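Enquirer: I'd like to ask you about the structure that follows.
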Amino acid sequence: MNPLIFQISLPPMSLKQDNRFQAIIAHAKEYGFVFPSSEIYDGLSAVYDYGPYGSELKKNIKDYWWKSMTQMRENIVGIDAAIFMHPTTWKASGHVDNFSDPMIDNKDSKKRWRVDHLIESYANTLKEKGGEDEKKAEQLLATMDALLAKDDFVGLKNLIEDNKIKGPISGTTNWTDIRQFNLMFSTQLGSVAGDAETIYLRPETAQGIFVNFLNVQKTSRLKIPFGIAQIGKAFRNEIVARQFIFRMREFEQMEMQFFIRPGTQKEWYEYWKEERLKWHLSLGIPKESYRFHNHTKLAHYADAALDIEYDFPFGFKEVEGIHSRTDFDLSNHQKYSNKKLTYFDNEINQHYIPYVIETSIGLDRMFLLILSYSYDEEVINKEDGTKDSRVVLHIPEIIAPIKLAVLPLIKKDGLPEIARKLIDECKPYFRCFYEEKDTIGKRYRRQDAIGTPYCVTIDHQTKEDNTVTLRYRDTMVQERININAICEKLKERFII
Ligand code: GAP
(Lines give C-alpha, C1' and ligand atoms only; values in the text may rest on other atoms or scores of the structure.)
Protein backbone atom coordinates (compact mmCIF):
# COMPACT_ATOMS: atom_id res chain seq x y z
CA MET A 1 0.00 0.00 0.00
CA ASN A 2 1.15 3.53 -0.63
CA PRO A 3 1.38 4.87 2.95
CA LEU A 4 0.63 8.43 1.89
CA ILE A 5 -2.80 7.83 0.44
CA PHE A 6 -5.65 6.44 2.46
CA GLN A 7 -8.75 7.66 0.72
CA ILE A 8 -9.84 8.45 -2.78
CA SER A 9 -13.07 10.30 -3.26
CA LEU A 10 -15.34 9.26 -6.14
CA PRO A 11 -16.44 12.50 -7.71
CA PRO A 12 -17.33 11.91 -11.37
CA MET A 13 -20.95 12.77 -10.66
CA SER A 14 -19.92 15.82 -8.66
CA LEU A 15 -18.74 17.52 -11.83
CA LYS A 16 -21.50 19.29 -13.66
CA GLN A 17 -22.17 17.20 -16.77
CA ASP A 18 -21.69 20.09 -19.17
CA ASN A 19 -18.38 21.04 -17.65
CA ARG A 20 -17.43 17.41 -17.61
CA PHE A 21 -17.98 17.12 -21.38
CA GLN A 22 -15.94 20.27 -22.04
CA ALA A 23 -13.21 18.92 -19.77
CA ILE A 24 -13.16 15.63 -21.72
CA ILE A 25 -12.80 17.47 -25.05
CA ALA A 26 -9.94 19.60 -23.69
CA HIS A 27 -8.27 16.56 -22.15
CA ALA A 28 -8.52 14.60 -25.40
CA LYS A 29 -6.64 17.37 -27.18
CA GLU A 30 -4.07 18.09 -24.48
CA TYR A 31 -3.03 14.45 -24.18
CA GLY A 32 -2.88 13.56 -27.87
CA PHE A 33 -6.13 11.64 -28.27
CA VAL A 34 -8.17 13.82 -30.67
CA PHE A 35 -7.29 17.01 -32.57
CA PRO A 36 -9.54 19.19 -34.74
CA SER A 37 -8.77 18.41 -38.38
CA SER A 38 -6.36 20.83 -40.13
CA GLU A 39 -6.31 22.93 -37.00
CA ILE A 40 -3.66 25.37 -38.30
CA TYR A 41 -6.36 26.52 -40.75
CA ASP A 42 -8.89 26.81 -37.90
CA GLY A 43 -10.20 23.29 -38.36
CA LEU A 44 -12.93 21.77 -40.50
CA SER A 45 -16.36 21.48 -38.95
CA ALA A 46 -17.20 17.99 -37.65
CA VAL A 47 -13.95 16.44 -38.90
CA TYR A 48 -11.30 15.25 -36.43
CA ASP A 49 -7.86 13.62 -36.39
CA TYR A 50 -6.70 11.04 -33.88
CA GLY A 51 -3.34 11.62 -32.19
CA PRO A 52 -0.82 9.06 -30.89
CA TYR A 53 -2.84 7.82 -27.90
CA GLY A 54 -6.15 8.27 -29.72
CA SER A 55 -5.11 6.18 -32.71
CA GLU A 56 -3.83 3.48 -30.34
CA LEU A 57 -7.10 3.44 -28.38
CA LYS A 58 -9.14 3.44 -31.60
CA LYS A 59 -7.16 0.51 -32.97
CA ASN A 60 -7.66 -1.43 -29.74
CA ILE A 61 -11.44 -0.86 -29.88
CA LYS A 62 -11.43 -2.11 -33.48
CA ASP A 63 -9.42 -5.20 -32.54
CA TYR A 64 -11.71 -5.90 -29.59
CA TRP A 65 -14.78 -5.75 -31.85
CA TRP A 66 -13.18 -7.62 -34.75
CA LYS A 67 -12.03 -10.50 -32.57
CA SER A 68 -15.38 -10.92 -30.84
CA MET A 69 -17.30 -10.75 -34.14
CA THR A 70 -15.01 -12.87 -36.36
CA GLN A 71 -12.26 -14.86 -34.62
CA MET A 72 -14.57 -15.99 -31.81
CA ARG A 73 -17.31 -17.09 -34.21
CA GLU A 74 -17.00 -19.77 -36.85
CA ASN A 75 -19.79 -18.41 -39.02
CA ILE A 76 -18.70 -14.77 -39.40
CA VAL A 77 -15.95 -13.65 -41.79
CA GLY A 78 -14.56 -10.20 -42.51
CA ILE A 79 -14.08 -8.14 -45.66
CA ASP A 80 -12.56 -4.78 -46.54
CA ALA A 81 -14.53 -3.23 -49.42
CA ALA A 82 -13.67 0.00 -51.25
CA ILE A 83 -15.21 3.31 -50.23
CA PHE A 84 -16.17 4.14 -53.82
CA MET A 85 -18.86 1.92 -55.30
CA HIS A 86 -20.75 1.81 -58.56
CA PRO A 87 -23.30 4.67 -58.40
CA THR A 88 -26.23 2.31 -59.01
CA THR A 89 -25.45 0.77 -55.61
CA TRP A 90 -26.95 3.84 -53.95
CA LYS A 91 -29.98 3.89 -56.20
CA ALA A 92 -30.64 0.22 -55.34
CA SER A 93 -30.00 0.70 -51.63
CA GLY A 94 -32.54 3.54 -51.52
CA HIS A 95 -30.00 6.10 -50.35
CA VAL A 96 -30.38 8.36 -53.41
CA ASP A 97 -34.13 8.66 -52.81
CA ASN A 98 -34.48 8.20 -49.07
CA PHE A 99 -31.29 9.02 -47.20
CA SER A 100 -32.34 12.42 -46.02
CA ASP A 101 -33.31 14.22 -42.86
CA PRO A 102 -36.11 16.76 -42.40
CA MET A 103 -34.50 20.18 -41.90
CA ILE A 104 -35.75 23.61 -41.03
CA ASP A 105 -34.00 26.96 -41.50
CA ASN A 106 -34.18 29.91 -39.17
CA LYS A 107 -34.74 32.91 -41.46
CA ASP A 108 -32.94 35.34 -39.15
CA SER A 109 -29.75 33.42 -38.35
CA LYS A 110 -29.82 31.59 -41.74
CA LYS A 111 -28.85 28.46 -39.80
CA ARG A 112 -30.27 25.06 -40.65
CA TRP A 113 -31.37 22.53 -38.03
CA ARG A 114 -32.39 18.92 -38.08
CA VAL A 115 -36.01 19.05 -36.97
CA ASP A 116 -35.71 16.20 -34.44
CA HIS A 117 -32.57 17.75 -32.91
CA LEU A 118 -34.23 21.12 -32.56
CA ILE A 119 -37.28 19.67 -30.80
CA GLU A 120 -35.19 17.31 -28.66
CA SER A 121 -32.96 20.08 -27.45
CA TYR A 122 -36.03 22.16 -26.49
CA ALA A 123 -37.48 19.10 -24.71
CA ASN A 124 -34.22 18.74 -22.75
CA THR A 125 -34.49 22.29 -21.44
CA LEU A 126 -38.02 21.47 -20.27
CA LYS A 127 -36.84 18.26 -18.63
CA GLU A 128 -34.19 20.11 -16.68
CA LYS A 129 -36.92 22.26 -15.11
CA GLY A 130 -38.63 19.10 -13.77
CA GLY A 131 -42.24 18.77 -12.55
CA GLU A 132 -45.00 19.56 -15.05
CA ASP A 133 -42.43 20.70 -17.62
CA GLU A 134 -40.82 17.27 -17.55
CA LYS A 135 -44.18 15.66 -18.40
CA LYS A 136 -44.68 18.22 -21.16
CA ALA A 137 -41.27 17.26 -22.59
CA GLU A 138 -42.22 13.57 -22.68
CA GLN A 139 -45.47 14.41 -24.43
CA LEU A 140 -43.66 16.64 -26.92
CA LEU A 141 -41.18 13.90 -27.80
CA ALA A 142 -43.94 11.31 -28.19
CA THR A 143 -45.83 13.63 -30.56
CA MET A 144 -42.63 14.32 -32.51
CA ASP A 145 -41.93 10.57 -32.90
CA ALA A 146 -45.46 10.00 -34.19
CA LEU A 147 -45.22 12.86 -36.71
CA LEU A 148 -41.76 11.77 -37.88
CA ALA A 149 -43.05 8.24 -38.39
CA LYS A 150 -45.71 9.63 -40.74
CA ASP A 151 -43.34 12.10 -42.47
CA ASP A 152 -45.89 14.73 -41.46
CA PHE A 153 -43.81 17.88 -42.05
CA VAL A 154 -46.75 20.26 -41.69
CA GLY A 155 -47.55 18.70 -38.32
CA LEU A 156 -43.91 19.01 -37.25
CA LYS A 157 -43.77 22.67 -38.23
CA ASN A 158 -46.99 23.27 -36.25
CA LEU A 159 -45.41 21.51 -33.28
CA ILE A 160 -42.40 23.85 -33.44
CA GLU A 161 -44.63 26.91 -33.75
CA ASP A 162 -47.14 25.84 -31.08
CA ASN A 163 -44.30 25.34 -28.60
CA LYS A 164 -42.68 28.64 -29.66
CA ILE A 165 -39.35 26.87 -30.16
CA LYS A 166 -36.68 29.47 -30.83
CA GLY A 167 -33.61 29.28 -33.05
CA PRO A 168 -30.65 28.58 -30.73
CA ILE A 169 -28.61 31.36 -32.38
CA SER A 170 -31.13 34.06 -33.32
CA GLY A 171 -33.53 33.44 -30.43
CA THR A 172 -36.42 33.99 -32.89
CA THR A 173 -39.28 31.80 -34.11
CA ASN A 174 -38.99 32.89 -37.74
CA TRP A 175 -38.88 29.46 -39.44
CA THR A 176 -39.03 28.25 -43.05
CA ASP A 177 -41.08 25.20 -44.03
CA ILE A 178 -39.56 21.82 -43.37
CA ARG A 179 -37.69 20.17 -46.27
CA GLN A 180 -35.71 16.97 -46.81
CA PHE A 181 -31.92 17.13 -47.43
CA ASN A 182 -29.89 14.22 -48.76
CA LEU A 183 -26.87 13.44 -46.60
CA MET A 184 -24.61 11.82 -49.19
CA PHE A 185 -21.41 13.49 -50.43
CA SER A 186 -20.92 13.22 -54.16
CA THR A 187 -17.81 13.57 -56.29
CA GLN A 188 -16.72 12.95 -59.88
CA LEU A 189 -15.04 9.86 -61.27
CA GLY A 190 -12.81 10.36 -64.30
CA SER A 191 -10.52 13.27 -65.12
CA VAL A 192 -11.79 14.29 -68.55
CA ALA A 193 -14.45 17.01 -68.49
CA GLY A 194 -17.74 15.69 -69.80
CA ASP A 195 -16.64 12.11 -69.16
CA ALA A 196 -17.28 12.49 -65.51
CA GLU A 197 -19.66 10.26 -63.62
CA THR A 198 -21.15 11.23 -60.27
CA ILE A 199 -20.25 8.82 -57.55
CA TYR A 200 -20.83 8.96 -53.81
CA LEU A 201 -18.70 8.58 -50.73
CA ARG A 202 -20.39 5.67 -48.99
CA PRO A 203 -22.75 6.77 -46.18
CA GLU A 204 -22.61 3.28 -44.61
CA THR A 205 -20.22 0.36 -45.00
CA ALA A 206 -23.07 -2.16 -45.25
CA GLN A 207 -23.52 -1.94 -49.04
CA GLY A 208 -19.95 -3.19 -49.63
CA ILE A 209 -21.07 -6.33 -47.81
CA PHE A 210 -24.33 -6.75 -49.73
CA VAL A 211 -22.78 -6.45 -53.18
CA ASN A 212 -20.14 -9.02 -52.17
CA PHE A 213 -22.63 -11.38 -50.57
CA LEU A 214 -22.27 -14.22 -53.10
CA ASN A 215 -18.51 -13.73 -53.62
CA VAL A 216 -17.98 -14.19 -49.90
CA GLN A 217 -20.53 -16.98 -49.42
CA LYS A 218 -19.06 -19.04 -52.25
CA THR A 219 -15.36 -18.48 -51.58
CA SER A 220 -15.72 -19.09 -47.84
CA ARG A 221 -18.24 -21.94 -48.43
CA LEU A 222 -20.60 -20.52 -45.82
CA LYS A 223 -24.02 -21.91 -44.95
CA ILE A 224 -26.88 -19.84 -43.64
CA PRO A 225 -26.96 -18.50 -40.95
CA PHE A 226 -23.66 -16.67 -41.46
CA GLY A 227 -22.33 -13.15 -41.13
CA ILE A 228 -19.97 -10.75 -42.91
CA ALA A 229 -18.21 -8.10 -40.84
CA GLN A 230 -16.44 -4.95 -41.91
CA ILE A 231 -14.76 -1.90 -40.38
CA GLY A 232 -14.39 1.20 -42.50
CA LYS A 233 -14.96 4.86 -43.18
CA ALA A 234 -18.38 6.32 -43.92
CA PHE A 235 -19.30 9.89 -44.86
CA ARG A 236 -22.42 11.94 -44.22
CA ASN A 237 -23.04 15.60 -44.86
CA GLU A 238 -24.54 16.10 -41.41
CA ILE A 239 -26.21 19.50 -41.32
CA VAL A 240 -25.93 20.08 -37.63
CA ALA A 241 -22.71 18.40 -36.63
CA ARG A 242 -22.03 19.09 -32.96
CA GLN A 243 -20.93 17.35 -29.82
CA PHE A 244 -17.32 16.70 -30.73
CA ILE A 245 -16.82 13.25 -32.29
CA PHE A 246 -20.41 12.19 -31.58
CA ARG A 247 -21.67 13.39 -34.96
CA MET A 248 -19.02 13.69 -37.64
CA ARG A 249 -18.97 14.13 -41.39
CA GLU A 250 -16.22 11.52 -41.82
CA PHE A 251 -16.39 8.63 -39.37
CA GLU A 252 -15.84 4.91 -39.04
CA GLN A 253 -18.38 2.13 -38.66
CA MET A 254 -18.01 -1.44 -37.45
CA GLU A 255 -20.85 -3.31 -39.14
CA MET A 256 -21.95 -6.91 -39.46
CA GLN A 257 -24.67 -8.27 -41.72
CA PHE A 258 -26.05 -11.61 -40.58
CA PHE A 259 -27.75 -13.60 -43.37
CA ILE A 260 -30.65 -15.78 -42.28
CA ARG A 261 -33.59 -17.80 -43.51
CA PRO A 262 -36.71 -15.65 -44.17
CA GLY A 263 -39.12 -15.96 -41.26
CA THR A 264 -36.39 -16.33 -38.61
CA GLN A 265 -35.68 -12.59 -38.34
CA LYS A 266 -37.46 -12.04 -35.01
CA GLU A 267 -35.39 -14.58 -33.10
CA TRP A 268 -32.08 -13.46 -34.66
CA TYR A 269 -32.94 -9.82 -33.94
CA GLU A 270 -33.41 -10.69 -30.26
CA TYR A 271 -30.22 -12.75 -30.32
CA TRP A 272 -28.06 -9.92 -31.70
CA LYS A 273 -29.65 -7.33 -29.44
CA GLU A 274 -28.52 -9.34 -26.41
CA GLU A 275 -25.12 -10.34 -27.87
CA ARG A 276 -24.19 -6.78 -28.65
CA LEU A 277 -25.18 -5.51 -25.22
CA LYS A 278 -23.05 -8.29 -23.70
CA TRP A 279 -20.10 -7.05 -25.78
CA HIS A 280 -20.44 -3.57 -24.28
CA LEU A 281 -20.78 -4.94 -20.75
CA SER A 282 -17.75 -7.21 -21.25
CA LEU A 283 -15.61 -4.06 -21.08
CA GLY A 284 -16.71 -3.60 -17.48
CA ILE A 285 -19.07 -0.69 -18.20
CA PRO A 286 -22.11 -0.81 -15.88
CA LYS A 287 -25.44 -1.96 -17.26
CA GLU A 288 -27.23 1.14 -15.87
CA SER A 289 -25.27 3.25 -18.36
CA TYR A 290 -27.06 1.53 -21.25
CA ARG A 291 -30.63 1.27 -22.45
CA PHE A 292 -32.45 0.09 -25.57
CA HIS A 293 -34.51 2.52 -27.63
CA ASN A 294 -36.96 0.98 -30.11
CA HIS A 295 -37.44 2.97 -33.33
CA THR A 296 -40.91 4.19 -34.15
CA LYS A 297 -39.82 5.71 -37.46
CA LEU A 298 -38.07 2.91 -39.34
CA ALA A 299 -35.35 3.47 -41.95
CA HIS A 300 -36.42 2.67 -45.50
CA TYR A 301 -34.86 -0.82 -45.31
CA ALA A 302 -36.01 -2.03 -41.87
CA ASP A 303 -38.95 -3.97 -40.42
CA ALA A 304 -37.64 -3.54 -36.86
CA ALA A 305 -34.85 -1.47 -35.39
CA LEU A 306 -33.47 -0.34 -32.07
CA ASP A 307 -30.62 1.74 -30.74
CA ILE A 308 -28.30 0.74 -27.96
CA GLU A 309 -28.00 4.03 -26.10
CA TYR A 310 -25.30 5.10 -23.66
CA ASP A 311 -25.59 7.72 -20.95
CA PHE A 312 -23.13 10.27 -22.40
CA PRO A 313 -22.42 13.49 -20.47
CA PHE A 314 -25.13 15.09 -22.64
CA GLY A 315 -27.70 12.35 -21.95
CA PHE A 316 -28.67 8.95 -23.34
CA LYS A 317 -27.77 8.77 -27.04
CA GLU A 318 -27.33 6.09 -29.69
CA VAL A 319 -24.02 4.32 -29.90
CA GLU A 320 -25.10 1.26 -31.90
CA GLY A 321 -28.03 0.20 -34.07
CA ILE A 322 -29.57 -3.27 -34.48
CA HIS A 323 -31.65 -3.44 -37.64
CA SER A 324 -33.81 -6.12 -39.15
CA ARG A 325 -33.20 -5.23 -42.82
CA THR A 326 -35.43 -7.95 -44.33
CA ASP A 327 -34.35 -8.89 -47.90
CA PHE A 328 -34.60 -5.25 -48.95
CA ASP A 329 -30.96 -4.72 -49.93
CA LEU A 330 -30.25 -8.02 -51.67
CA SER A 331 -33.58 -7.96 -53.53
CA ASN A 332 -32.95 -4.46 -54.80
CA HIS A 333 -29.37 -5.23 -55.84
CA GLN A 334 -30.69 -8.26 -57.71
CA LYS A 335 -33.26 -6.07 -59.44
CA TYR A 336 -30.89 -3.22 -60.36
CA SER A 337 -27.92 -5.42 -61.37
CA ASN A 338 -29.91 -8.16 -63.10
CA LYS A 339 -27.64 -10.66 -61.31
CA LYS A 340 -29.15 -13.48 -59.32
CA LEU A 341 -28.45 -13.06 -55.60
CA THR A 342 -30.33 -16.08 -54.29
CA TYR A 343 -28.96 -18.73 -51.98
CA PHE A 344 -29.69 -22.43 -52.21
CA ASP A 345 -30.56 -23.85 -48.81
CA ASN A 346 -30.00 -27.58 -49.15
CA GLU A 347 -31.48 -28.33 -45.75
CA ILE A 348 -34.92 -27.28 -46.97
CA ASN A 349 -34.21 -27.66 -50.70
CA GLN A 350 -35.13 -24.06 -51.52
CA HIS A 351 -33.68 -21.06 -53.31
CA TYR A 352 -34.33 -17.75 -51.58
CA ILE A 353 -32.98 -14.27 -50.98
CA PRO A 354 -31.74 -14.28 -47.39
CA TYR A 355 -33.06 -11.91 -44.75
CA VAL A 356 -30.53 -9.82 -42.84
CA ILE A 357 -30.00 -8.68 -39.27
CA GLU A 358 -27.47 -5.88 -39.04
CA THR A 359 -25.39 -4.72 -36.10
CA SER A 360 -23.84 -1.30 -36.72
CA ILE A 361 -21.69 0.57 -34.23
CA GLY A 362 -19.87 3.84 -34.78
CA LEU A 363 -16.20 3.45 -33.89
CA ASP A 364 -15.78 7.14 -33.07
CA ARG A 365 -18.91 7.06 -30.92
CA MET A 366 -17.57 4.04 -29.09
CA PHE A 367 -14.33 5.97 -28.59
CA LEU A 368 -16.30 8.88 -27.10
CA LEU A 369 -18.19 6.43 -24.92
CA ILE A 370 -14.89 5.09 -23.56
CA LEU A 371 -13.60 8.62 -22.86
CA SER A 372 -16.90 9.58 -21.19
CA TYR A 373 -16.89 6.47 -19.04
CA SER A 374 -13.20 6.74 -18.13
CA TYR A 375 -12.65 10.41 -17.41
CA ASP A 376 -12.46 11.24 -13.74
CA GLU A 377 -11.21 14.10 -11.60
CA GLU A 378 -10.26 12.71 -8.22
CA VAL A 379 -9.38 14.34 -4.94
CA ILE A 380 -6.88 12.41 -2.87
CA ASN A 381 -6.83 12.87 0.89
CA LYS A 382 -3.34 12.30 2.16
CA GLU A 383 -2.37 10.99 5.59
CA ASP A 384 -0.77 14.29 6.59
CA GLY A 385 -4.14 16.02 6.15
CA THR A 386 -3.32 17.72 2.88
CA LYS A 387 -5.17 17.09 -0.35
CA ASP A 388 -3.95 16.23 -3.80
CA SER A 389 -5.80 15.74 -7.05
CA ARG A 390 -5.46 13.89 -10.30
CA VAL A 391 -7.17 13.50 -13.65
CA VAL A 392 -7.34 9.86 -14.55
CA LEU A 393 -8.75 7.86 -17.43
CA HIS A 394 -10.09 4.55 -16.11
CA ILE A 395 -9.94 3.04 -19.62
CA PRO A 396 -10.75 -0.70 -19.58
CA GLU A 397 -7.21 -2.05 -19.43
CA ILE A 398 -7.57 -4.42 -22.38
CA ILE A 399 -8.03 -1.46 -24.75
CA ALA A 400 -5.80 1.09 -22.97
CA PRO A 401 -3.37 2.81 -25.41
CA ILE A 402 -0.32 2.11 -23.21
CA LYS A 403 -0.41 -0.92 -20.94
CA LEU A 404 2.78 -0.50 -18.93
CA ALA A 405 5.04 2.48 -18.18
CA VAL A 406 8.53 1.60 -17.00
CA LEU A 407 10.11 4.38 -14.96
CA PRO A 408 13.68 4.36 -13.60
CA LEU A 409 13.74 6.43 -10.38
CA ILE A 410 16.83 8.30 -11.60
CA LYS A 411 18.59 8.30 -14.93
CA LYS A 412 21.89 6.82 -13.75
CA ASP A 413 23.40 4.01 -11.65
CA GLY A 414 22.31 1.41 -14.21
CA LEU A 415 18.57 1.91 -13.50
CA PRO A 416 17.69 2.97 -17.11
CA GLU A 417 19.39 -0.17 -18.43
CA ILE A 418 17.27 -2.39 -16.17
CA ALA A 419 14.13 -0.52 -17.32
CA ARG A 420 15.02 -0.94 -21.01
CA LYS A 421 15.60 -4.65 -20.48
CA LEU A 422 12.11 -5.03 -18.98
CA ILE A 423 10.59 -3.13 -21.91
CA ASP A 424 12.43 -5.36 -24.38
CA GLU A 425 10.94 -8.38 -22.65
CA CYS A 426 7.37 -6.99 -22.65
CA LYS A 427 7.06 -5.10 -25.94
CA PRO A 428 6.38 -8.10 -28.19
CA TYR A 429 3.23 -8.71 -26.11
CA PHE A 430 1.86 -5.26 -25.27
CA ARG A 431 2.53 -1.54 -25.68
CA CYS A 432 5.06 -0.14 -23.19
CA PHE A 433 6.29 3.36 -22.46
CA TYR A 434 9.63 4.51 -21.07
CA GLU A 435 10.17 7.77 -19.22
CA GLU A 436 12.98 9.05 -17.00
CA LYS A 437 12.24 12.80 -16.77
CA ASP A 438 10.64 14.53 -13.73
CA THR A 439 9.75 13.23 -10.28
CA ILE A 440 8.11 9.85 -10.05
CA GLY A 441 4.89 11.50 -8.80
CA LYS A 442 4.62 13.69 -11.91
CA ARG A 443 5.32 10.72 -14.12
CA TYR A 444 2.55 8.70 -12.44
CA ARG A 445 0.12 11.58 -13.00
CA ARG A 446 0.97 11.73 -16.70
CA GLN A 447 0.31 8.00 -17.04
CA ASP A 448 -2.98 8.35 -15.13
CA ALA A 449 -4.02 11.06 -17.57
CA ILE A 450 -3.56 8.77 -20.60
CA GLY A 451 -5.08 5.77 -18.84
CA THR A 452 -2.01 3.53 -18.42
CA PRO A 453 -3.17 0.75 -16.07
CA TYR A 454 0.28 -0.24 -14.74
CA CYS A 455 3.52 1.55 -13.88
CA VAL A 456 6.74 -0.10 -12.79
CA THR A 457 9.40 1.87 -10.96
CA ILE A 458 13.00 0.67 -10.95
CA ASP A 459 15.01 1.88 -7.94
CA HIS A 460 18.25 1.06 -6.15
CA GLN A 461 16.66 -1.81 -4.27
CA THR A 462 16.04 -3.45 -7.67
CA LYS A 463 19.79 -3.87 -8.02
CA GLU A 464 19.97 -5.60 -4.65
CA ASP A 465 17.01 -7.97 -4.69
CA ASN A 466 15.56 -7.82 -8.23
CA THR A 467 12.27 -6.32 -7.02
CA VAL A 468 10.41 -3.35 -8.51
CA THR A 469 7.40 -1.27 -7.48
CA LEU A 470 4.27 -2.15 -9.44
CA ARG A 471 1.67 0.63 -9.22
CA TYR A 472 -2.01 0.18 -10.13
CA ARG A 473 -3.73 3.10 -11.87
CA ASP A 474 -7.22 2.74 -10.43
CA THR A 475 -6.40 2.17 -6.77
CA MET A 476 -2.94 3.76 -6.78
CA VAL A 477 -1.90 0.79 -4.65
CA GLN A 478 1.77 -0.12 -4.96
CA GLU A 479 3.37 -3.48 -4.36
CA ARG A 480 6.87 -4.82 -4.43
CA ILE A 481 7.26 -7.62 -6.94
CA ASN A 482 10.08 -9.56 -8.59
CA ILE A 483 10.98 -7.98 -11.93
CA ASN A 484 11.02 -11.39 -13.60
CA ALA A 485 7.32 -11.86 -12.77
CA ILE A 486 6.08 -8.64 -14.44
CA CYS A 487 5.82 -9.70 -18.07
CA GLU A 488 4.28 -13.07 -17.22
CA LYS A 489 1.80 -11.49 -14.78
CA LEU A 490 0.59 -8.85 -17.24
CA LYS A 491 0.68 -10.38 -20.70
CA GLU A 492 -2.30 -12.69 -20.14
CA ARG A 493 -4.42 -9.70 -19.17
CA PHE A 494 -3.98 -7.94 -22.50
CA ILE A 495 -4.88 -10.68 -24.93
CA ILE A 496 -7.74 -9.14 -26.89
N1 GAP B 1 -25.79 0.57 -41.80
C2 GAP B 1 -26.74 1.10 -40.92
C3 GAP B 1 -26.41 2.44 -40.45
O4 GAP B 1 -25.52 3.09 -40.97
P5 GAP B 1 -27.03 4.24 -38.67
O6 GAP B 1 -27.90 4.13 -37.46
O7 GAP B 1 -27.26 5.35 -39.61
O8 GAP B 1 -27.16 2.84 -39.40
C9 GAP B 1 -24.98 3.26 -37.41
O10 GAP B 1 -25.52 4.30 -38.19
C11 GAP B 1 -24.03 3.82 -36.37
O12 GAP B 1 -23.04 4.63 -37.01
C13 GAP B 1 -24.69 4.73 -35.35
O14 GAP B 1 -25.22 3.98 -34.28
C15 GAP B 1 -23.54 5.61 -34.90
O16 GAP B 1 -22.79 4.96 -33.87
C17 GAP B 1 -22.67 5.70 -36.14
N18 GAP B 1 -22.89 6.99 -36.82
C19 GAP B 1 -23.89 7.31 -37.66
N20 GAP B 1 -23.77 8.58 -38.09
C21 GAP B 1 -22.65 9.07 -37.51
C22 GAP B 1 -21.98 10.32 -37.55
N23 GAP B 1 -22.41 11.33 -38.32
N24 GAP B 1 -20.85 10.48 -36.81
C25 GAP B 1 -20.38 9.48 -36.04
N26 GAP B 1 -20.97 8.26 -35.97
C27 GAP B 1 -22.09 8.05 -36.68
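The values are calculated or read from the model by the stated rules, or taken from the named source; none is laboratory data. Owing to the predicted nature of the structure, the values given are computational and were not obtained by experimental measurement. As a convention, Cβ positions derive from the backbone with ideal geometry for all residues, glycine included, and neighbour counts pool all protein chains shown. Side chains included, ligands, DNA and RNA excluded: accessible areas come from the protein's heavy atoms. Shrake-Rupley method; radii C 1.70, N 1.55, O 1.52, S 1.80 Å.
Yes or no, residue by residue, for (1) in contact with a Cys (Cβ under 7 Å, 6 or more places away or on another chain); (2) free of Cβ contacts under 8 Å to residues at least 60 places away in the same chain; (3) of a type in the set (K, R); (4) in the same structural domain as L306 (by TED's automatic domain parsing):
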site	(1), (2), (3), (4)
Q243	no, no, no, yes
F246	no, no, no, yes
Q253	no, no, no, yes
R261	no, no, yes, yes
I285	no, no, no, yes
E288	no, yes, no, yes
H293	no, yes, no, yes
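Enquirer: Residues that are among the basic types (K, R) and within 23 Å of S374 (Cβ to Cβ): which helices (runs of 4 or more DSSP H) entirely in region 397-467 hold 3 or more of them?
Expert: Correct list: 440-450.
Enquirer: Could I ask something else about it? Let me confirm something: among I178, I209, I245, I239, which residue is under 29 Å from S337 (Cβ atoms) and not acidic (D, E)?
Expert: I209
Enquirer: Of the residues that make up region 159-174, is at least one exposed (fewer than 12 other Cβ atoms within 10 Å of the Cβ) and in the same structural domain as M69 (by TED's automatic domain parsing)?
Expert: no
Enquirer: Could you figure out which of (1) open to solvent by less than 50 Å² (accessible area, probe 1.4 Å); (2) free of Cβ contacts under 8 Å to residues at least 60 places away in the same chain isn't true of K129?
Expert: Of the numbered conditions (1) open to solvent by less than 50 Å² (accessible area, probe 1.4 Å); (2) free of Cβ contacts under 8 Å to residues at least 60 places away in the same chain, the odd one out for K129 is (1).
Enquirer: Is there a residue being surrounded by fewer than 17 Cβ atoms within 10 Å (Cβ to Cβ) and away from the ligand (no atom under 12 Å from the Cβ) anywhere in region 225-232? Before you say what the answer is, go through the steps one by one.
Expert: Quick first cut of region 225-232, residues surrounded by fewer than 17 Cβ atoms within 10 Å (Cβ to Cβ) only: none.
Checked region 225-232: no residue is surrounded by fewer than 17 Cβ atoms within 10 Å (Cβ to Cβ) and away from the ligand (no atom under 12 Å from the Cβ).
Enquirer: A follow-up question, please. Considering each residue of region 233-261, count those that are among the polar types (S, T, N, Q) and either in contact with a strand residue (DSSP E or B) (Cβ under 7 Å, 6 or more places away or on another chain) or within 8 Å of the ligand (Cβ to nearest atom) (or both), and give that number.
Expert: 2
Enquirer: Further, regarding this structure: How about region 139-221: which strands (runs of 3 or more DSSP E) wholly inside it have at least 1 residues that are in contact with a helix residue (DSSP H, G or I) (Cβ under 6 Å, 6 or more places away or on another chain)?
Expert: Ranges flagged: 197-200.
Enquirer: Would you confirm whether any residue within region 336-357 is over 14 Å from the mean Cα position of the chain (by Cα) and either within 15 Å of the ligand (Cβ to nearest atom) or closer than 30 Å to P401 by Cβ (or both)?
Expert: Within region 336-357, one or more residues are over 14 Å from the mean Cα position of the chain (by Cα) and either within 15 Å of the ligand (Cβ to nearest atom) or closer than 30 Å to P401 by Cβ (or both).
Enquirer: Name, by its number, the condition in (1) farther than 20 Å from C455 by Cα; (2) within 16 Å of the chain's Cα centre (by Cα) that does not hold for S374.
Expert: (1)
Enquirer: Please determine, by comparing only the residues of region 280-310 that are modelled with pLDDT of 95 or more and under 15 Å from V356 (Cα atoms), which one is most open to solvent (accessible area, probe 1.4 Å).
Expert: Filtering first and then ranking leaves A304.
Enquirer: Among the residues of region 363-397, count how many are more than 30 Å from A234 (Cα to Cα), of a type in the set (A, V, I, L, M) and either assigned by TED's automatic domain parsing to the domain that holds V34 or open to solvent by 40 Å² or more (accessible area, probe 1.4 Å) (or both).
Expert: Selection size over region 363-397: 2.
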